[in-house]
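To start, the structure itself, in structure tokens.
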Amino acid sequence: MLENSIIFDIIYKYMKNQHSTQHTAHTSVLANRQSDVIANVLYHEFAHSSHYSKVGNTFWFNYVSYVILNGGYGNASTTGSERIEVSEGWADYVGYEFAHARYGLQHSDMNNRTNTWQVRIENFAAKPVSGNFPFDAGGTMFDMTENGEPFFTLIRDEVQTYTMNEIFNALQPNVTSVQDFHQVVLAQNLNKEILAVNFLFSDYGF
Ligand SMILES: [Zn+2]
């Protein structure tokens with residue numbers, strides 16, 4: 001069976017090819033209207049299934065139980081919401097990045113062409129403060145892969161060398177909070193950029 005990381009790589013390359021071949025076919029912005037929104041959701045759900053395949057039934061039973069108990073994701077102060085911060089963070093990060101890889105500037109926000117899916121995840125700074133929703137680590141994970149941050153988020157992002165595969169590898173079955181993720185991703189990568197990583201997670205409030 002293929003490793004998940006390899007599957008990601010294949011799908012990522014497939015979508016990049018799709019993008020270049022369809023770029024000429026879809027010269028009309030209207031032709032892509034809202035299909036990027038649907039694609040973002042599909043990539044998001046695909047990311048959940050990849051996470052499930054890695055962490056197994058116990059993690060996922062607790063995830064589903066939490067959602068049923070709280071009629072949804074609850075908010076940042078709901079008991080057990082730390083698990084949601086990890087799982088929704090991963091799914092948001094992948095969903096937005098893949099939507100950007102597929103659509104680039106051909107997204108459906110016609111009133112703001114600079115508002116790409118990548119810009120949206122770059123601007124995503126939903127902090128886990130009491131009562132807040134969303135409150136997941138999607139923006140944090142994205143920020144680990146590139147440098148720079150819009151001023152208004154007030155987050156120090158000087159981390160830039162982590163990859164999607166390294167982030168995925170850290171989603172171990174016992175990683176049930178962003179704090180767990182923070183420690184595991186550092187340990188697995190020889191404390192790469194540790195000072196900047198610590199500032200990043202601290203500024204997000206994790
Ligand atoms: Zn989700």
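Let me confirm something: among Gly104, Gly56, Gly74, Gly95, which residue is of a type in the set (Gly, Ala, Ser) and at pLDDT below 90?
Result: Gly74 is the single residue among Gly104, Gly56, Gly74, Gly95 that is of a type in the set (Gly, Ala, Ser) and at pLDDT below 90.
Among the residues of region 169-185, which ones are assigned to a loop (DSSP other than H, G, I, E, B) and surrounded by 14 or more Cβ atoms within 10 Å (Cβ to Cβ)?
Ala170, Leu171, Gln172, Val175, Thr176, Ser177
Residues Glu97, Glu149, Glu166: which one is over 22 Å from Ala47 (Cα atoms) and surrounded by 16 or more Cβ atoms within 10 Å (Cβ to Cβ)?
Glu149
Applying the selection to region 47-59, what residues are within 12 Å of the ligand (Cβ to nearest atom) and surrounded by fewer than 17 Cβ atoms within 10 Å (Cβ to Cβ)?
Across region 47-59, the qualifying residues are Ser49, Tyr52.
Identify the residue in region 60-73 that is touching a residue at least 24 places away in the same chain (Cβ under 8 Å) and within 13 Å of the ligand (Cβ to nearest atom) and, among all such residues, is surrounded by the fewest Cβ atoms within 10 Å (Cβ to Cβ).
Out of the qualifying residues, it is Tyr73.
So for region 126-133 (the condition being at pLDDT 95 or above, more than 14 Å from Val94 (Cα to Cα) and not polar (S, T, N, Q)), does at least one residue qualify?
Checked region 126-133: no residue is at pLDDT 95 or above, more than 14 Å from Val94 (Cα to Cα) and not polar (S, T, N, Q).
Conditions tested, residue by residue: (1) closer than 18 Å to Tyr204 by Cβ; (2) in a loop (DSSP other than H, G, I, E, B); (3) in contact with an Asp or Glu (Cβ under 7 Å, 6 or more places away or on another chain).
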position	(1), (2), (3)
Asn75	yes, yes, no
Glu85	yes, no, yes
Phe98	no, no, no
Thr114	no, yes, no
Arg120	yes, no, no
Lys127	yes, yes, no
Ser130	yes, yes, no
Glu149	yes, yes, yes
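Would you mind stating whether Gly80 is within 16 Å of the ligand (Cβ to nearest atom), touching a residue at least 12 places away in the same chain (Cβ under 8 Å) and within 17 Å of Phe181 (Cβ to Cβ)?
Answer is yes for this residue.
Of everything in region 88-115, what is within 16 Å of the ligand (Cβ to nearest atom) and either farther than 25 Å from Ser49 by Cβ or among the small types (Gly, Ala, Ser) (or both)? Give them in sequence order.
Gly89, Ala91, Gly95, Ala99
The values are calculated or read from the model by the stated rules, or taken from the named source; none is laboratory data. The shown structure was predicted, so the numbers you read here are calculated from the model rather than taken from an experiment. Using ideal geometry, Cβ is built from the backbone for each residue, glycine included, and neighbour counts are taken over all protein chains shown.
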